[in-house]
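K.L.:
Next up is a structure, given as structure tokens.
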Amino acid sequence: MDSPTSTATSTAAVDSSTTATVDSSTSTRIVGSRSSMIDSIRGCGLSGARIDKEVLRKKLVMPEYLRRAMADAIRSRDGEEACERHHNSGELRVPEDAPQCPMVVFVNSKSGGRHGPELKERLQQLMSEEQVFDLSDVKPHEFVRYGLVCLEKMAILGDLCAKECREKMRIMVAGGDGTVGWVLGCLAELHQEGRQPAPPVGIIPLGTGNDLSRSFGWGGSFPFAWKSAIKRSLDRATAGPVCRLDSWQVVVSMSEGQVVDAPYSLKATEDCQLDQDLEVEGLLAEKMACYEGVFYNYFSIGMDAQVAYGFHHLRNEKPYLAQGPIANKIIYSGYSCTQGWFLTPCINDPGLRGLKNVIRMHIKKVNCSEWEQIPVPKSVRAIVCLNLHNYGSGRNPWGNPTADYLEKRGFVEAHVDDGLLEIFGLKQGWHASFVMVELISAKHIAQAAAIRLEIRGGEWKDAFLQMDGEPWKQPMSREYSSFVEIRRVPHQSVMISGE
């Protein structure tokens, strides 16, 4: 789900043909400024020389027999059987060379307003129908488990073209941050199963916030002259340098019996082991229910998640209101004014305002095994754990602290692959508004390599949480504590820089 705000010690190896393209100047540094209209247009490829359609097609399109084999594997949901069928078909084939940069594109046709279906058709014209997947028809895990398996098995059987296509493959995702995160999460299976290299991922921004796209130089919006821009985006993706991105696992634990309407990115799990090195302040239920998920941009708890939760429900109930990114932002801004950011509805009970009354926070700093308790400022009504510099459509709430300030606070300069999350707080709506227009920075709380939040209910019936723009309502027990643990996933995602 793409919204307006919308698996730690080793890094999986990638093929030498991929890592050779890593540029040290772009592999880790992310510019933390809001994208301007010019930046967005440039990011989507509206500059440079004209791209010849046939030359681009030769760079991207795989031989027809490989395309048919992969499509058959996905359709039959069996990569090995499809490989056997096509390998033993008896068809005489002239040996073919792999293209310079075999590419697959995933399109979220529901993103980008009315442009989704048109974009899919345009991409199929530029490449081939079998290499462009509509996510409503083919899910990214199906491509990983069947399509790529078929290609890998053909390579094992001695097909050099299949081997080279698998090693050189790149992926473009046309969608918002939620769509990109979905694809990255499915590609994580390759790391877990030792099926390297994982294809690097580039982005065609179709969402509302597009913070991942902004962070890696692909722009913050879908351009008006998108037909010509798509060719340039695909061409830049063939040679763009590769950079890395941390991802973070979230485990939410609560007393058994509580009902959670979990978002797509949060799945129930039987593995429910709390870190025993840290004592619990409240009561710990004998039986726990657990959910886990992964985020790439941010996790938050508090008023911002409550506003996002309400907006999502409003948009689902009245889909005619969501006609595109601009309409989404206007409605989101107006809706936030009704949810207590500016004039709190709990004015008669100050104890219900701040998160300090219900949250106990512990962190682990980088290269440190000990937990450290961090006080929650009493004025803070939302806590955000940020991985990127871009948040809420290109804003940089962490700001650009000076070297002296960083040294004084014990912080380091933030990067997307440094194994650290920046934790900051937002106060009332006026403070959040000033932060979002970058007049001031957010309330800096800590930098952390691991985080644990103990949430105590009391008078609070529900808490609101979100990660990468997917919000949910978390029921809170009056008796038992609930917990959120955040740890860095051992591998890093591989991204294509559009800069």
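The values are calculated or read from the model by the stated rules, or taken from the named source; none is laboratory data. These numbers come from a predicted model, not from an experiment. Please note: Cβ atoms are built from the backbone with ideal geometry, for glycine as well, and neighbour counts cover all protein chains shown. SASA here: full protein model, heavy atoms, side chains in, ligands and nucleic acids out. Shrake-Rupley method; radii C 1.70, N 1.55, O 1.52, S 1.80 Å.
K.L.:
May I ask you to list the lysines whose Cα is less than 23 Å away from that of Lys287, ignoring any residue fewer than eight positions away on the same chain?
P.N.:
Those lysines meeting the cut-off are Lys267, Lys461, Lys473.
K.L.:
Another question, if that's okay. Does the range 352-454 classify as rounded, prolate or oblate by the C-alpha gyration tensor (a ≥ b ≥ c root eigenvalues; a/c under 1.5 gives rounded; else a/b over b/c gives prolate, otherwise oblate)?
P.N.:
Oblate, since a/c reaches 1.5 and b/c is not below a/b.
K.L.:
If you take the beta carbon distance between Glu370 and Lys227 as r and set R0 to 45 Å, what does 1/(1 + (r/R0)^6) give as a FRET efficiency, to the nearest 0.05?
P.N.:
About 0.20, to the nearest 0.05.
K.L.:
On average, how much accessible surface per residue is there in the range 357-401, in Å², for a 1.4 Å probe, leaving out ligands, DNA and RNA?
P.N.:
38 Å²
K.L.:
What fraction of the Cα pairs in the range 445-499, stated in percent, has a spacing above 20 angstrom?
P.N.:
Tail of P(r) above 20 Å: 47 percent of Cα pairs.
K.L.:
Gain in length, Gln196 to Leu157, computed as 0.36 nm per residue apart minus the alpha-carbon separation, to one decimal in nm?
P.N.:
12.3 nm
K.L.:
Once the other residues with Cβ under 9 Å from the Cβ of Gly202 are scored (Lys, Arg +1; Asp, Glu -1), what is the net sum?
P.N.:
Summing Lys/Arg as +1 and Asp/Glu as -1 gives +2.
K.L.:
Hey, another quick one. Asp277 to Thr402: extension gain in nm, 0.36 nm per residue of separation minus the Cα-Cα distance?
P.N.:
Taking Asp277 through Thr402 to full extension adds about 41.5 nm, to one decimal.
K.L.:
Mind checking which lysines have their Cα closer than 25 Å to the Cα of Lys408? Skip sequence neighbours fewer than 8 apart in that chain.
P.N.:
In chain and number order, the partners are Lys356, Lys364, Lys365, Lys378, Lys427, Lys443.
K.L.:
Residues with beta-carbon under 12 Å from that of Leu157, excluding Leu157: net charge, scoring Lys, Arg +1 and Asp, Glu -1?
P.N.:
So the surrounding residues net to -2.
K.L.:
Could you give P(r) for the range 85-218, binned at 10 Å from zero, as whole percent values over all Cα-Cα pairs?
P.N.:
11, 40, 34, 12, 2, 0
K.L.:
Enumerate by residue number the GluC sites (Glu not before Pro) in the range 216-292 meeting two conditions: DSSP loop (anything except H, G, I, E, B), and at most 14 other Cβ atoms within 10 Å of the site's Cβ.
P.N.:
Glu256, Glu270, Glu279, Glu281, Glu286
K.L.:
Which FRET efficiency value, to the nearest 0.05, do you get for Glu64 and Val259 by plugging their Cβ-Cβ distance into 1/(1 + (r/R0)^6) with R0 = 45 Å?
P.N.:
Step by step, r from the Cβ atoms, then E = 0.35.
K.L.:
For the range 189-274, which chymotrypsin sites (Phe, Trp or Tyr not before Pro) pass both filters: DSSP loop (anything but H, G, I, E, B) and at most 12 other C-beta atoms within 10 Å?
P.N.:
Hits after loop and neighbour filter: Phe224, Tyr264.
K.L.:
Let me ask you something else. Two-decimal Rg/Rh of the range 199-306 from alpha-carbon positions, Kirkwood Rh?
P.N.:
Looking at the range 199-306, the ratio lands at 1.13.
K.L.:
Rg to Rh for the range 216-275: what is it, with Cα atoms only and Rh by Kirkwood?
P.N.:
So for the range 216-275, dividing Rg by the Kirkwood Rh gives 1.23.
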